[in-house]
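No value in this document is a laboratory result; all are computed from the given coordinates. None of these values were measured; they are calculated from a predicted model.
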Amino acid sequence: MASLLAKTGSLETRYENIHKDLIDACRRGERSAQFKIYKLYYKAMFNTSLRIVNDTAEAEDIMQESFLDAFQRLAGYTGQGSFGSWLKRIVVNNSLDSLRRVKDTISFEEEGVDLSAEHEESHEAEIQLQVHEVMKAIQQLPEEYRVIISLFLLEGYDHDEISEILNISNQLSRTRYSRARQKLLAILKENKYRNVFLYN
């Protein structure tokens, strides 16, 4: 699943080249160019934020704030990698900041963990479910699990990138992802049996 959703280098380069003129116009402060960039990316950026904060109104605010931040910080975009990836990192960081403000902090400290899960069978039996069922199950995850599942499976970040974003070790990122995946599978299984009970 991760391989299907992860970003690809050739596609990133293609988008970068397509939008270079628009980005240069945005650097000059041209409002029409900013609006075009907004129209190109706002849905994807809203969905990225929503998967992290799990609140529609908050995700809308974060998305708007992130575009303002991006336009103000365009000097920091070097053109290495796509503009979309650069913008998405701003959205992810703003979304995590929002969670921290609400809860004072998300518990991303190092913790005593049992790493035996890393040595368990890595491939569970494939679960055939509709995409909306998986997304619904992700929304039911505890916050720290929802964040890491979203970053890895849906946003395409690897564990090195996630450890940098969340300021945790690579090992803890992998362990937390393993636990989140197990929890997600448990929720999917529970929902499946619940649906069978309700509709039979």
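Computed values, structure above
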quantity	calculated
Estimated vicinal HN-Hα couplings, Hz - segment 52-66 in sequence order (Karplus 6.51, -1.76, 1.60; Gly, Pro = x)	8, 8, 6, 8, 4, 5, 5, 5, 4, 5, 5, 4, 4, 4, 5
Table column - 3J(HN,Hα) (Hz), segment 135-149, Karplus curve with 6.51, -1.76, 1.60, x for Gly and Pro	4, 4, 5, 4, 5, 7, 5, x, 3, 5, 6, 4, 4, 6, 4
